[in-house]
Amino acid sequence: MRILAFIAVLCIASTSCAKEDEKTHVGVFSNEAEGFKTVTVMIHDGGLAYFHAAVSGQIGEWEFAEPESTLSLKFFDPSAMKDQTLNLRFDKKTRTYGMIRPGEEAKNDPPYELHFISDEIPDQMVEAFKMYPAKIKQIKAQAAAEREFKKRREEQLERERPEYERIVAQIKAEPKTVLAEEFHSRELTDLGQYPPKIRAFRDTLTDHDVTYPEEVLVELINEIPDDHHSLRVLLFQRPELAGKTLTRFYPKALKWGELNYTILANIAKHPNTPIKVVRDLAGRKDVAVGATTPAKYRLEKLERANKNQ
């Protein structure tokens with residue numbers, strides 16, 4: 001009877017030890033660093049884990065290879081539409097994890113020895129693990145839809161390329177072409193991009209290797225509606241605008257700047273803008289700091305240059 005009881009105790013102890021050994025690689029582990037160097041991994045026995053580094057974290061699936069004592073964490077990368085794998089080597093004696101990374105990649109890494117912290121995973125994370133299957137399904141579907149949308153846009157751009165290039169050539173040969181109202185439309189295609197004519201016009205405005213006569217730019221500034229800010233922003237970047245022209249439009253730009261300060265910021269940064277206009281803008285309290293900051297920076301830069309002369 002005593003022998004049977006002893007065997008029973010041994011069996012219970014063996015089962016307990018086996019369960020304990022089985023779960024040694026599960027739990028909460030951290031490098032116990034501070035701030036942005038903090039690295040934490042929460043490994044749930046349900047096959048999911050949460051890896052947190054710096055200010056971001058991600059849930060993924062894990063597999064543990066017993067012979068190598070290696071834990072592989074698999075995370076879905078929406079931008080690449082595929083899984084990324086992170087490998088950790090587990091030390092059973094110290095119950096710690098170490099990051100497995102190629103030598104050069106690991107040079108600037110924070111300390112990645114992750115010490116055992118607790119067997120208890122926070123309830124919020126356990127709930128997040130429960131929601132993960134539905135969430136990752138949604139994320140994958142959204143990523144696939146975005147990729148398909150991007151593909152359709154690229155295909156449309158390729159189909160429209162001959163017309164686009166023809167219009168660019170036309171604008172370069174005769175810049176006055178863009179004074180036609182059809183070039184000023186703000187309507188987008190079903191795929192959320194400008195049609196070829198509008199894209200050609202806007203792209204030539206951002207390309208400073210394309211020359212625009214100043215009188216064409218001035219006429220455009222006068223003609224387009226006051227609320228067509230995105231186009232006006234491009235116009236005030238053009239190098240052909242003279243100082244007297246920028247000064248003349250400055251009072252209007254203060255009004256336009258109430259809804260889009262980038263127009264004023266471009267005037268502040270324009271090399272032809274007279275310094276008196278820049279000083280006035282830098283000292284204003286009635287416009288956004290997004291406009292006054294570039295003006296102040298330009299004055300500071302000018303002051304440094306004068307001191308170094």
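We did not get these values from a lab; they are worked out from the coordinates using the rules stated. Keep in mind that what you see is a predicted model, and the values were worked out from it rather than measured. Positions of Cβ are generated from backbone atoms using ideal geometry, with glycine treated the same way; all protein chains shown enter the neighbour counts.
Specify the inter-centroid distance of the range 182-228 and the range 112-148, based on alpha-carbon positions, in whole Å.
45 Å
Please work out how much length the chain gains when fully extended from R161 to E181, using 0.36 nm per residue of separation minus the C-alpha to C-alpha distance, in nm with one decimal. Could you put the intermediate results ahead of the total?
Numbers: separation 20, 0.36 × 20 = 7.20 nm, distance 2.20 nm.
So the extension gain works out to 5.0 nm.
Can you list, largest first and rounded to whole Å, the semi-axes you get for the range 109-173 by taking the square root of 5 times each eigenvalue of its Cα gyration tensor? Don't jump to the answer; show the numbers that get you there.
Numbers: eigenvalues 518, 73, 12 Å².
Semi-axes, largest first: 51, 19, 8 Å.
Dividing the alpha-carbon Rg of the chain by 2.2 N^0.38 Å yields what?
Rounded to two decimals, the normalised Rg is 1.62.
Pull out a ≥ b ≥ c, the square roots of the eigenvalues of the alpha-carbon gyration tensor of the range 141-276, then state rounded if a/c is under 1.5, prolate if not and a/b is larger than b/c, and oblate in the remaining case. All intermediate terms of the calculation are to be shown ahead of the outcome.
Numbers: a/c = 2.41, a/b = 1.62, b/c = 1.49.
In terms of gyration-tensor shape, prolate.
For the range 24-121, just the Cα atoms, rotate onto the principal axes and tell me the three extents in Å, largest first.
Principal extents (Cα only, largest first): 37, 29, 26 Å.
Counting each DSSP H run of 4 or more residues in the chain as -39500 (n - 2.57), what helix-only mean residue ellipticity at 222 nm follows after dividing by all residues, to the nearest 500 deg cm²/dmol?
On the way: 9 runs with 150 residues, N = 309.
It lands at -16000 deg cm²/dmol.
Could you please state, rounded to a whole Å, how far the C-alpha centre of the range 236-300 is from the C-alpha centre of the range 23-54?
51 Å
Mind ordering 250-256, 208-214 by average Cβ neighbours within 10 Å, highest first?
On the way: 250-256: 16.0, 208-214: 12.7.
Ranked by mean Cβ neighbours within 10 Å, highest first: 250-256, 208-214.
Counting pairs of alpha carbon atoms under 8 Å apart in space and at least six apart in sequence, what relative contact order in percent does the chain give?
Values: 367 pairs, mean separation 28.3, N = 309.
So the answer I get is 9 percent.
What FRET efficiency, computed as 1/(1 + (r/R0)^6) with R0 = 35 Å and r the Cβ-Cβ distance, is obtained for E300 and Q84, rounded to the nearest 0.05? Working shown, then result.
On the way: r = 44 Å, r/R0 = 1.26.
Calculated value: 0.20.
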